[in-house]
1. Counting just the residues of segment 46-91 that are more than 29 Å from P29 (Cβ to Cβ) and of a type in the set (V, I, T), which one comes out modelled with the lowest pLDDT?
2. Tally up the residues in segment 17-46 that are in contact (Cβ under 8 Å) with a residue 24 or more places away in the chain and part of a strand (DSSP E or B), please.
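The values are calculated or read from the model by the stated rules, or taken from the named source; none is laboratory data. Keep in mind it's a predicted model, so treat the numbers as computed, not measured. Every residue, glycine as well, gets a Cβ built from its backbone with ideal geometry; the counts of neighbours run over all protein chains shown.
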Amino acid sequence: MAEHVLELRGIPLSHLVAYLVECGGDPPPDETLPITVRGHGWQAEVLREESVRITSRFHVNAVFIRFHADDDHTLNRLMDRFRIKVMRVGG
């Protein structure tokens, strides 16, 4: 079994769950942490959400997600799709 943990900042928790569903996961029955989204050969657990202090006046949310897959190939495909969803372009 392959596993990977990501910390994502500045993206609302509800959006991250929606992105996991768009990557082929089944919608979770509720959004109480921890949230588990299951797909074919993989699952993602949204473990926790924290507020991270960047400066004394600037805080962002940080969401921690643990990905499990049956094999490395499945995990890599999922991570490729998910990273496209969470990509943010500066400007």
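1. V89
2. Adding up the residues that qualify gives 5.
Yes/no matrix, rows are residues, columns are (1) under 14 Å from the mean Cα position of the chain (by Cα); (2) surrounded by 12 or more Cβ atoms within 10 Å (Cβ to Cβ); (3) not hydroxyl-bearing (S, T, Y):
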{"site": "G10", "(1), (2), (3)": "yes, yes, yes"}
{"site": "P29", "(1), (2), (3)": "no, no, yes"}
{"site": "T32", "(1), (2), (3)": "no, no, no"}
{"site": "W42", "(1), (2), (3)": "yes, yes, yes"}
{"site": "L75", "(1), (2), (3)": "yes, yes, yes"}
{"site": "V86", "(1), (2), (3)": "yes, yes, yes"}
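Here's the yes/no breakdown for (1) in a strand (DSSP E or B); (2) out of contact with any strand residue (DSSP E or B) (no Cβ under 7 Å at 6 or more places or on another chain):
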residue	(1), (2)
S51	yes, no
T55	no, yes
F64	yes, no
L75	no, no
M79	no, no
F82	no, yes
